[in-house]
Amino acid sequence: MENKRINGNDLIALGYKENHAMGVALKINKKRLGFTKEEMLQKFKDVLVSPESFLEDETFEPLANVLMNIEKIDDELIALNEEPNDYTVYGVENIEEGAKDQMNVAMLLPVTVAGALMPDAHQGYGLPIGGVLATKNAIIPYGVGVDIGCRMALSVFDLPASYLDLEHDKLKKILIDNTKFGAGHGFLKHERSDHAVLDNALFETNAFIRELKDKAWTQLGTSGGGNHFVEFGVMEFKEKDEILNIEKGSYLALLTHSGSRGMGATIADHYTKLAKDLCKLPFKAQNLAYLDLDSEAGHEYWLAMNLAGDYASACHEMIHVKIKSALGAELLAKVENHHNFAWKEQFNGEEVIVHRKGATPASKDVMGIIPGSMATPGFLVRGKGEASSINSASHGAGRLMSRTKAVKNLSKSDLTTMLADNGVTLIGAGMDEAPMAYKDIHTVMAAQKDLVNIVATFSPKIVRMADDGSR
């Protein structure tokens with residue numbers, strides 16, 4: 001299949017420009033329709049040369065139509081600023097060009113006030129993962145992300161770290177019995193749990209949101225695929241933390257990472273399409289289509305986003321309550337923070353909408369959790385409130401290689417060795433989540449020493465992820 005791929009550079013070589021015609025062509029190419037790469041390129045060339053000849057063609061008519069009306073389409077687009085605003089990049093030497101390019105485009109939006117790029121940043125859709133963007137009264141669905149309200153939740157128990165070795169099999173069974181993973185997976189009707197979030201009046205916002213309630217109930221208390229996890233580990237406090245009132249020492253802790261499941265993804269897809277219909281941006285910025293918060297669509301999305309965030313939090317709460325009950329332990333501290341969200345905040349004396357797509361809130365004294373990978377440490381942190389980062393920090397180590405590249409190039413034996421060397425038991429997961437696919441978490445933390453203070457270190461020991469490695 002590799003030799004069949006057609007990308008933007010192939011189309012530029014044929015004479016296409018980086019506009020909506022290219023977007024339509026790439027969308028058609030995804031279907032491939034039995035043509036070889038060479039045959040498909042010839043078709044695209046023919047349509048470009050003589051679009052009027054393809055107006056009756058079922059496959060290529062959309063492209064022909066756009067090509068014949070491209071000047072009118074371009075005239076109706078919202079103009080971007082000519083030069084991007086300046087923004088701060090943390091750990092710049094370890095961030096791929098694709099992420100920087102996406103951030104540069106985001107800084108051209110007429111609604112952009114400020115931006116920052118975190119040291120775990122990598123390329124995504126619209127705003128890069130690890131991108132922080134402050135806008136004026138505008139919300140960008142793809143600036144929030146597909147997994148709305150994705151978050152970290154940490155429970156520190158009144159049990160010593162030695163409990164992990166003494167009761168390893170019991171802890172492993174607790175994880176297996178009290179978690180469910182994977183895209184599309186949920187509970188049967190007789191297995192479902194109730195939670196106050198299901199009574200949230202925001203489910204009555206409109207018919208679209210109302211219809212998501214049953215899906216939300218089915219998946220309440222479950223975790224997604226990909227990099228989502230539930231894990232037991234060692235929480236080490238090198239000194240007493242006065243604010244949390246936890247003495248120096250090593251404790252058993254539970255760390256979870258997941259988001260708003262199918263409900264959040266459906267909301268993101270729906271309002272991204274709506275934003276693209278209402279906010280016509282140039283091709284390179286189309287995934288940054290925004291909604292005015294004073295508009296009906298903008299207000300609807302804002303409510304739906306907050307509902308998805310509350311739902312994601314409820315999912316974590318259900319998991320932590322079940323596991324705490326099975327464990328029979330007392331809670332010393334609970335910390336939770338979310339990313340893939342937008343907040344109304346004050347910045348330079350004005351109210352802005354701060355999008356943190358894969359970035360941790362790090363205002364002064366705000367607690368957060370920054371994980372590494374399944375075999376590398378994570379960190380409990382306290383924000384410093386650095387204005388140049390828009391009060392943000394990284395949300396993890398950040399991907400070093402794509403999922404596809406990781407699966408193709410990483411060795412299972414190397415993963416097995418790394419897990420053994422770090423005393424980690426892994427349940428589920430695919431090679432796309434191997435620690436080698438991620439940046440060095442210590443390098444990432446060093447790049448943001450001005451953004452957060454490290455309070456404690458978390459070392460994963462029993463890790464549960466999606467059994468099939470599904471995204």
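The values are calculated or read from the model by the stated rules, or taken from the named source; none is laboratory data. Please read all numbers here as calculations on a predicted model, not as lab measurements. In this analysis, Cβ positions are derived from the backbone assuming ideal geometry, glycine residues included, and neighbour counts consider all displayed protein chains. Surface accessibility is based on the protein's heavy atoms, side chains included, excluding ligands, DNA and RNA. Shrake-Rupley method; radii C 1.70, N 1.55, O 1.52, S 1.80 Å.
The table below lists the values:
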{"quantity": "Gyration tensor (Cα) of region 355-446, equivalent ellipsoid semi-axes in angstrom", "calculated": "29, 14, 10"}
{"quantity": "Segment residue 276-residue 78, length gained on full extension (0.36 nm per residue, minus Cα span)", "calculated": "70.1 nm"}
{"quantity": "Cβ-Cβ FRET estimate between residue 201 and residue 86, R0 fixed at 30 Å, reported to 0.05", "calculated": "0.10"}
{"quantity": "Built amide H within the under 5 Å cut-off of residue 180, gap 5+", "calculated": "223"}
{"quantity": "Spatially near lysine pairs across region 218-361, Cα under 14 Å, sequence gap of 8 or more or different chains", "calculated": "4"}
{"quantity": "Under 12 Å, Cβ to Cβ, from residue 200 - net charge with Lys/Arg +1 and Asp/Glu -1", "calculated": "-1"}
{"quantity": "Virtual paramagnetic centre 7 Å along Cα→Cβ of residue 343, amide N under 14 Å, in region 360-375", "calculated": "360-369"}
{"quantity": "Added length on full extension, which subtracts the Cα-Cα distance from 0.36 nm per residue, residue 166 to residue 408", "calculated": "83.4 nm"}
{"quantity": "Average accessible surface area per residue within the chain, 1.4 Å rolling probe, Å²", "calculated": "45"}
{"quantity": "Net charge, residue 325 excluded, C-beta distance under 15 Å - Lys, Arg +1, Asp, Glu -1", "calculated": "+1"}
{"quantity": "Apportionment of accessible area to carbon and sulfur, region 23-128, percent (1.4 Å)", "calculated": "48"}
{"quantity": "Translational diffusion coefficient (Stokes-Einstein; Kirkwood radius from C-alpha pairs) of region 308-392 at 25 °C, 0.890 mPa s, in µm²/s", "calculated": "165"}
{"quantity": "Residues listed by number, region 321-361, amide nitrogen under 19 Å from residue 245 label point at 7 Å toward C-beta", "calculated": "329-336"}
{"quantity": "Sulfur and carbon atoms: percent of accessible area, region 225-333 [1.4 Å]", "calculated": "48"}
{"quantity": "Heavy-atom accessible area ranking, 1.4 Å probe, most first, across 223, 363", "calculated": "363, 223"}
{"quantity": "Where 248, 215, 284, 461 fall by accessible area, highest first, once all protein chains stay in place (1.4 Å)", "calculated": "248, 284, 215, 461"}
{"quantity": "Proximal lysines to residue 412, defined as alpha-carbon separation beneath 28 angstrom and excluding residues fewer than eight positions away on the same chain", "calculated": "170, 172, 173, 180, 439, 461"}
{"quantity": "Proximal charge balance of residue 248 [Cβ under 13 Å; K/R count +1, D/E count -1]", "calculated": "-3"}
{"quantity": "Rel. contact order, % - alpha carbon contacts under 8 angstrom, at least six apart, region 380-471", "calculated": "46"}
{"quantity": "Sequence ranges 385-397, 173-185, ranked by mean other-Cβ count within 10 angstrom, highest first", "calculated": "385-397, 173-185"}
{"quantity": "By accessible area with a 1.4 Å probe, ligands and nucleic acids excluded, highest first: order of 57, 75", "calculated": "75, 57"}
{"quantity": "Lysine pairs in region 13-162 with Cα atoms under 16 Å, if 8 or more residues apart or on separate chains", "calculated": "9"}
{"quantity": "Surface accessible to a 1.4 Å probe, residue 169 within the full protein complex, Å²", "calculated": "120"}
